[in-house]
Number of protein chains: 4
Amino acid sequence: MAANTFGTLFRLTTFGESHGPALGGIIDGCPAGLIIDTEFIQYELDRRRPGQSEMTTPRDESDTIEILSGVFEGRSTGTPIAFEVRNKDHHSFDYDHLRDAYRPSHADYTYDSKFGFRDYRGGGRSSARETLSRVAGGAIAKLLLKESGIQVNAYVSSIGEVDAERVYTADELGQVELSPVRCPDLKASEKMVELINLLKAEGDTTGGVITCIIEGVPAGLGEPVFDKLQADLAKAVMSINTARGFEIGEGFNAPSMRGSAHNDIFTADRQGKITTETNHSGGIQGGISNGAGIIFRVAFKPIATIKQSQPTVNRQGENIVLPSKGRHDVCVVPRAVPIVEAMAALVIADHLLRNRSARM
Amino acid sequence: MAANTFGTLFRLTTFGESHGPALGGIIDGCPAGLIIDTEFIQYELDRRRPGQSEMTTPRDESDTIEILSGVFEGRSTGTPIAFEVRNKDHHSFDYDHLRDAYRPSHADYTYDSKFGFRDYRGGGRSSARETLSRVAGGAIAKLLLKESGIQVNAYVSSIGEVDAERVYTADELGQVELSPVRCPDLKASEKMVELINLLKAEGDTTGGVITCIIEGVPAGLGEPVFDKLQADLAKAVMSINTARGFEIGEGFNAPSMRGSAHNDIFTADRQGKITTETNHSGGIQGGISNGAGIIFRVAFKPIATIKQSQPTVNRQGENIVLPSKGRHDVCVVPRAVPIVEAMAALVIADHLLRNRSARM
Amino acid sequence: MAANTFGTLFRLTTFGESHGPALGGIIDGCPAGLIIDTEFIQYELDRRRPGQSEMTTPRDESDTIEILSGVFEGRSTGTPIAFEVRNKDHHSFDYDHLRDAYRPSHADYTYDSKFGFRDYRGGGRSSARETLSRVAGGAIAKLLLKESGIQVNAYVSSIGEVDAERVYTADELGQVELSPVRCPDLKASEKMVELINLLKAEGDTTGGVITCIIEGVPAGLGEPVFDKLQADLAKAVMSINTARGFEIGEGFNAPSMRGSAHNDIFTADRQGKITTETNHSGGIQGGISNGAGIIFRVAFKPIATIKQSQPTVNRQGENIVLPSKGRHDVCVVPRAVPIVEAMAALVIADHLLRNRSARM
Amino acid sequence: MAANTFGTLFRLTTFGESHGPALGGIIDGCPAGLIIDTEFIQYELDRRRPGQSEMTTPRDESDTIEILSGVFEGRSTGTPIAFEVRNKDHHSFDYDHLRDAYRPSHADYTYDSKFGFRDYRGGGRSSARETLSRVAGGAIAKLLLKESGIQVNAYVSSIGEVDAERVYTADELGQVELSPVRCPDLKASEKMVELINLLKAEGDTTGGVITCIIEGVPAGLGEPVFDKLQADLAKAVMSINTARGFEIGEGFNAPSMRGSAHNDIFTADRQGKITTETNHSGGIQGGISNGAGIIFRVAFKPIATIKQSQPTVNRQGENIVLPSKGRHDVCVVPRAVPIVEAMAALVIADHLLRNRSARM
């Protein structure tokens, strides 16, 4: 089934529920000799954490990672790197009203349909808290990529109907962490904050779009025909909670373009080094990286928990009303930035290793 | 690596180049006892074939499938179902001018970067002819799904800047094969044909969008956390040549919606049967089907081969001019309809089998 | 790579080194609704633990398991079941003399050859302590099998040159835990103990053979052609430290038998129920279980750590003498009984789930 | 399920029944640039073919391989290498008496138990003819290994109760193909032939043992903990029809050895090159190759088809008598030599590629 494992050679297997003892995962297939910088892994986890600013979420949690295996004298040994983050004590009485209710557009009904019952406390395995393990695993992938000169950077390009003015390059993202919504366009950033404040007052939520740029990927990564690089990236990010769309390069703009406009013309410099004049392809052609920057976008829907009472049904098939209760995040898209980066890093690290077998 | 294998339990492995002796594949994991209707498989292949109308492609090829194993007295035996389609004789002299040239936005450069050399005749493995094996494998998946009351239907919703007026339901697609561009909106269909004729004269190409509807999927399919149903669908269709974007449900429209508007309210009828009033989720919640129709869209870029000369480079790193030559398809999106359906059918068939292990 | 994952649908991924913070694993693919009896898991771990009797090993360790996820209100939820056992504080100064030495017939040299360096404390990942995770995962598999009426039982059939007199049936193994060497033949058991005491005085070690019997397996488990049931069992147990041989049914006795003697004749009773008169096949024909008891044997070599000084080499390629030092187990085969059972249980549980897709 | 796929990176997927149109397979993951010597592949197939001498089997079949994809200008392109062998016309009336009968110790009953029905002609997928695809795939693996200086050689060491006098080295196997039973001990070879002639007259069959030697494997191949090299070799050969036992190094001799005798003492020469004085480990320690020759043995049972009438049952659960009929092979072990080599080559090729990711 492998439903909780991601990757072919560089593999992440994750576990954990919102209100169980711990969440974590295992990286299997990390080459030996990589320096495992645990402070960096913790830094990445902190980027994902709720409560970083008032923009995202009011809860205060400190998620401290512990490495359980696979590292000796600071370096990966080639054996599985297991890690965990303990959950703090949660009082489960908060969730008793959800024991039987199916919250609209949550996973309650579908989990019950599939498994016959569910851990209803905080969403259980379907909680976005699960992505913590992705960020930790992705941080190890980033360490691997850094050794090959590859950088993965994402930012918020839209929240609700507010869009960043243009596409930003990796070089321009140095200050993106200073924006409370992780948008490099400071004007748009301010409007996004305003929108979030407005929706907070209304008890409503909104979605957004994240743009991800991967620089330094050598030509040659990606495995035709099914494991094309864009296909694996699509799966990676579409497996994140609330992701609803993926596009590479020109994406949904491409269908209305002409071939003569969309084609990326190759040119060679005096040394015979080959590049493209444009990058409509988003760095991938025929499913394989061409050495240009990889660029993709991910659409996220508004989260389903709103501070408004809603009609719904329960396990018994009765129509009920779900009261507004508990915490309320207006927009989690800024916190999804490190998650998108993590999933992209896992894909590229995996393909970097897979590509070692491309030739004799 | 498994780059040419798709699926976990219901698995398709494909092979074949545009100008080699044959293309084909193996379905492993098909349950025993399924009636294998070879006429239906051939019908699906014929839908994919070029030359069905003047709209798509001028070549005339007849692709005849042969089943090599795994079927006895008309039924699957539980052993691998291999199939092949022989290529007709191609005169390879047509391709000598491509031996060294890197065509813009094709896979020539990236294949060379990865593998060190390539079969340059007709694109080799990167040719869209590869999708023939997907359609044949997908046809077997469709036969399996039909036994469970599941139907997969796709249609062209945009070509270039011409869009179908609205979203169509499965019931309305009965006549879609009558449209030369497989668009159920007859007015839009006419405009699409006009656009294609115009671009043919200009020697240019265009892309398009395909909408896919899957009816009859029971609640419960999909495996959290990485193998969410939309994640596997995204990978499936993003692995098709020229696919550039994927969206499920509201897709890229979702980010600017409010949670209160996007949430699909559950209701129960008198028998306690649960449905949703709306279907913004596109039939999937928490990565698992909820019993509503699954709906997704795929964006395709214009194909790269245009009837215009283009500057480019060659293997030696020299700037050259690629002459306009050979056949010229303006828009292959109508032919991609059975390919999208095939990939979707493979995903659903796989998850149908995987779901058999969900409970004790 | 998946080197630390075992299984296709019911999957165990393990982690942990002898002297790291913890060992453990993740079971992914366990169907929802299984009652997870943690006392039984702990009991199985206790069976594997060193120091159960003076026969096996003098160390006293208490390995306490903690379930981290995947269980709610006592039952599996269908999500990953993670577990861990914390290592007690070890003083690593014990191992400084092994930092550079390559102990004969240990994994020191080969780990260095593969990974470039190694965690030399207590064997690191190559320590038999790794099998703890197998026993815990196998215990969950046993719980699953019990629900289908399947029992996995193993016993020691040889230690050194002392053999049990005959093959025992599952029914006769009720008292096997009372034998300090887990041999149901009490006379042989006594001689085995004598042999171990003798070798202890000599500072030497010995191997042994374990016989495993699986009762209650329905006809139909096993997947031709590569995943034949005996092939998966062979891999499972040959991956245990110090395993050197595997045989199913008549095993190495079969080559010198005649076909007329080896064939298991089918008979049907009045109700048409089919059984075989003999079981030379060991319960598997054509790679698929036939409903008879599955029986296989595993040969284990003597462990490499002896209480005698030995010549060897070090990392620098110098010939050195390795002093006799530290603890000394004469024979670990009795402790391998629950490990063999665990690996067999994992295989059968996996095939039980895989078989759910055999037919329409 | 992947039941018909073998390998992680260098993968063989096979298809085909004894009496279907064709058998064959797909090698996926072969690095680009390998010279594909089709004459060598055909030579290997010829070694497996029945009718090479009167010793093995009286049928005359010529199995001609055709490569369908993945090779361009004589070299692998990095894309799937598909191959097939067409079956000659078989008149299926020969098999009508087997439509309902369950032959003793064949796969008839177990296939029916699993799949509900079966292709009863010539054993269908359970026929040893299936191994043809293994030999073809293994031949490609051998070509890959040869480039790394690795040689895989097997020979018959026992038939019935006749044993070769000693273990032979790879150097001594040059003339093994001259022995009609592929045994390098000419005296034993003669006795084996006598035994086979005797059993032919009696209408009976016998089994045998094959020894396999792999020379030139560098230290470092094998992936702890589950994919230990001996574990993958065990699975590989135990998946061959009629294999009943596997042992590496001292195998079933190891349990009665003392640790002091079994340990392989390391020595370093003046250049610091490390070898072992003995090779009781069979070239693998801790699951990883140590640079010494790998040596293992496989036990095969007598084949089940004898020229004697036998009692058995049919699908209806009735006791019947199966008449002696059709062809009769006394001993197929000599023909299994190239099959064992093929499976071993597939394992080593796979681990050679996997090991490329062992270090940064």
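Every number in this text was worked out from the coordinates using simple rules, so none of it is lab data. Here the structure is a predicted model, which means the values were calculated and not measured. Don't worry about glycine lacking a Cβ; one is built from the backbone with ideal geometry, like all the others, and counts go over all protein chains shown.
Please report, to one decimal in angstroms, the Kirkwood hydrodynamic radius of segment C:5-355 built from all distinct Cα-Cα pairs. Please report the intermediate quantities before stating the final value.
Numbers: mean 1/r = 0.0466 Å⁻¹.
For segment C:5-355, the Kirkwood estimate is 21.5 Å.
Sort A:PHE300, C:PHE252 so that the residue with the fewest other Cβ atoms within 10 Å of its own Cβ comes first and the one with the most comes last.
Details: A:PHE300 27, C:PHE252 22.
So the ranking, lowest neighbour count to highest, is C:PHE252, A:PHE300.
Rounded to the nearest 20 debye, what is the charge dipole size of the protein assembly as shown about its Cα centre when +1 sits on each Lys and Arg Cβ and -1 on each Asp and Glu Cβ?
Taking the Cα centre of the protein assembly as shown as origin, the dipole is about 0 debye.
Please compute the average number of Cβ atoms from other chains found within 10 Å of each residue's Cβ in peptide C:147-160.
1
What does the average come to when, for each residue of peptide D:29-37, you count the partner chain Cβ atoms lying within 10 Å of its Cβ?
Partner-chain Cβ atoms within 10 Å, mean over residues of D:29-37: 4.
When you count, for each residue, the other Cβ atoms within 10 Å and take the mean per peptide, how do A:12-21, B:116-125 rank with the highest first?
The packing order, highest mean first, is A:12-21, B:116-125.
So what is the calculated 222 nm ellipticity per residue for chain C, using -39500 (n - 2.57) for each DSSP H run with n of 4 or more, over all residues, to the nearest 500 deg cm²/dmol?
-8000 deg cm²/dmol
How would you rank C:HIS351, D:HIS97, going from fewest to most other Cβ atoms within 10 Å of each one's own Cβ?
With the sparsest Cβ surroundings first, the list reads D:HIS97, C:HIS351.
Please give the net charge around B:GLY24, taking every other residue with its beta carbon less than 10 angstrom from that of B:GLY24, where Lys and Arg add +1 and Asp and Glu add -1.
Spelling it out: positives minus negatives among the neighbours equals -2.
Using the count of nearby Cβ atoms within 10 Å as a rough guide to exposure, how do D:LYS114, A:LYS325, B:LYS88 rank from fewest to most?
Working: D:LYS114 25, A:LYS325 12, B:LYS88 9.
Fewest to most other Cβ atoms nearby, the residues stand as B:LYS88, A:LYS325, D:LYS114.
B:LYS325 versus B:PHE40, label points 7 Å from Cα toward the beta carbon: distance in nm?
4.4
Below 14 angstrom from the Cβ of D:GLU223, what's the summed charge of the other residues (Lys, Arg +1; Asp, Glu -1)?
+4
Does segment D:183-268 come out rounded, prolate or oblate by the C-alpha gyration tensor, with a ≥ b ≥ c the root eigenvalues, rounded set by a/c under 1.5 and, if not, prolate when a/b is larger than b/c and oblate if not?
prolate
Quick check: net charge around B:ILE210, other residues with Cβ under 15 Å of its Cβ, Lys/Arg +1 and Asp/Glu -1?
That sum, taken over residues with Cβ under 15 Å, equals +2.
Taking Cα centroids, how far is segment D:235-273 from segment D:89-140 in Å?
Result: 35 Å between the Cα centres.
Select from D:PRO180, D:LEU198, D:ALA219 the residue farthest towards the positive end of the dipole of segment D:106-221; place +1 on Cβ of Lys and Arg, -1 on Cβ of Asp and Glu, and compute about the Cα centre.
Projecting each Cα onto the dipole axis, the largest value belongs to D:ALA219.
Which order do the peptides B:172-185, B:152-165 come out in when sorted by mean C-beta neighbours inside 10 angstrom, highest first?
Result, highest mean Cβ count within 10 Å first: B:152-165, B:172-185.
Please compute the average number of Cβ atoms from other chains found within 10 Å of each residue's Cβ in peptide C:179-188.
Neighbouring Cβ atoms belonging to other protein chains average 0 per residue here.
Under 16 Å Cα-Cα from B:LYS307, which aspartates and glutamates qualify once same-chain neighbours fewer than 8 residues away are excluded?
A:ASP264, B:ASP94, B:GLU202, B:ASP204, B:ASP329
Is there a pair in B:LYS146/B:LYS191; A:LYS235/B:LYS187; C:LYS88/C:LYS187; C:LYS228/D:LYS228; C:LYS200/D:LYS228 whose C-alpha atoms are over 27 Å apart, and which pairs would that be?
Among B:LYS146/B:LYS191; A:LYS235/B:LYS187; C:LYS88/C:LYS187; C:LYS228/D:LYS228; C:LYS200/D:LYS228, the Cα-Cα distance tops 27 Å for B:LYS146/B:LYS191; A:LYS235/B:LYS187; C:LYS88/C:LYS187; C:LYS200/D:LYS228.
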